[in-house]
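To start, the structure itself, in structure tokens.
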Amino acid sequence: MHLDIASLLFAMTVCMVTMAVALPAVMGEVNAPARCAQAGVVLQGIAWALLLASGLVASGSIADRALSTLAMAGIAGGLALNAAAFDLWCGRTPQIRIPVLIAVVMPIGYALGFSSYPFRVGWANGLLTLQMAFLVASLWRKPAVAVGRWRWLLVISLLAQMTVTLWRGALGAFFTESYPTFLAPHPVNYAFAIIANATTVLSLMAVLLAHRDDAARELERFATIDSLTGVLNRRAWMSLAGTEMAMSVRYGHPVAVLMIDLDHFKQINDTQGHDAGDRALAFIARALQAAVRPGDLVGRYGGEEFCVLMTHADNAAASAFDVRMRTYLTEVAERELGFPLAYSAGIAMRTSPDDTLAAMLKRADATLYSAKEQGRARTLDAQGLRLRSA
């Protein structure tokens, strides 16, 4: 069976264009990293189509220069978008200045030095190798979130592509006589075409696996986070609070539970509108998260009611938290929301090693009810129902 370079590259281009068309349909509605990956595939598919088209026009012509330069820009731009996608999928802020810089500089230099075949081949392939090396280094770094083995598929693919790309660049720049064009029947071109076809498939698998991992993490987050307020939902809060309770019993440190309920929430909805009520809930959730200490747990218990579990906390620590909250609401709520916001709360402390989370929540709820009965905008504990703040 005879395989020529043009046929192999044409097959790879068809595969990439098919990926560019199919990925959006397969992945459906996607987030930022998937959009970057899709755009990267689209750019590279277009780029290879342009590069093959350049072989159909007169060598060295204006059309050849334009098609080849646009192809180089598309390949480098696609790699820059891939770099952003990989960083996002690894849970990191994208660090893409170098890939973007290469994506800008490389086609400019390629166009300016187009008349020198050794220069443009060495320049383009050398910078593409550098760009891929940056991607490999980024993927090699420990991710900020748990990811699957898709990144190693990409590392293997990129290392293989780097090898043949650098090989092509060195031959084109320094041994031009033995490597006249990228369609010439040279071993490096066969190696590149075969590797490109294989790594295109591997890269597609990696992108789909990365998207699956990301979707699974998002589903897990939705399963534990209240979508409106961004704090733990009731089920997740109960689970994590139960774990913290067990730890507090084991090591003997105090634990406090606070039940917090927004005052006159129905009135806010009735007079300001349900959108204002949603903003009030989101605001109180942000305030709670800002006021707690590392290790404390904030959850939305239901409706306008929130729970806070404070680890290593006595009555004084719970009272100090309450003061921080009320001070913040007094200073910020009306300015940010357009209306004042207050809450009532009840505090329950773990009283013995046999005390349970359910029992503490019941006591905190009882003191919360007493706080509302006594006029709201206050926090009470179970020890004589002392006024904590007003």
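No value in this document is a laboratory result; all are computed from the given coordinates. From a predicted model like this one, the values you see are computed outputs, not experimental measurements. Using ideal geometry, Cβ is built from the backbone for each residue, glycine included, and neighbour counts are taken over all protein chains shown.
Structural remarks
- Three-way shape label, region 5-223, alpha-carbon gyration tensor, a/c 1.5: prolate
- Integer Hz, Karplus 6.51/-1.76/1.60 couplings in order for region 131-144, x for Gly and Pro: 5, 5, 4, 5, 5, 4, 4, 5, 5, 6, 4, 5, x, 7
- Matching label, P(r) over Cα pairs in 20 Å bins from 0, in percent computed from the structure shown, candidates [x] 24, 34, 24, 17, 2; [y] 23, 43, 28, 5, 0; [z] 25, 56, 19, 0: [x]
- Ranked list, fewest to most other Cβ atoms within 10 Å of each Cβ, for LYS266, LYS372: LYS266, LYS372
- Degrees, to the nearest 10: 315-328 long Cα axis against longest axis of the chain: 70 degrees
- Per residue, the Cα convex hull of region 234-381 amounts to 96 Å³.
- Label zone at LYS266, where the point sits 7 Å out along the Cα-to-Cβ direction: region 323-344 residues whose backbone N lies under 15 Å: none
- Counting neighbouring beta carbons within 10 Å and listing from fewest to most, the residues TYR343, TYR110, TYR251 come out as TYR251, TYR110, TYR343.
- Net +/- balance of residues flanking LEU135 in space, Cβ distance below 12 Å, scoring K and R +1, D and E -1: +1
- Relative packing of peptides 290-297, 258-265 - highest average C-beta neighbours within 10 Å first: 258-265, 290-297
- Net charge of neighbours whose Cβ lies under 12 Å from the Cβ of ALA85, counting Lys and Arg as +1 and Asp and Glu as -1: +1
- Per-residue [θ]222 nm for the chain (sum of -39500 (n - 2.57) over DSSP H runs n ≥ 4, rounded to 500): -22500 deg cm²/dmol
- Charge context of VAL308, other residues only, Cβ under 10 angstrom, K/R +1, D/E -1: -2
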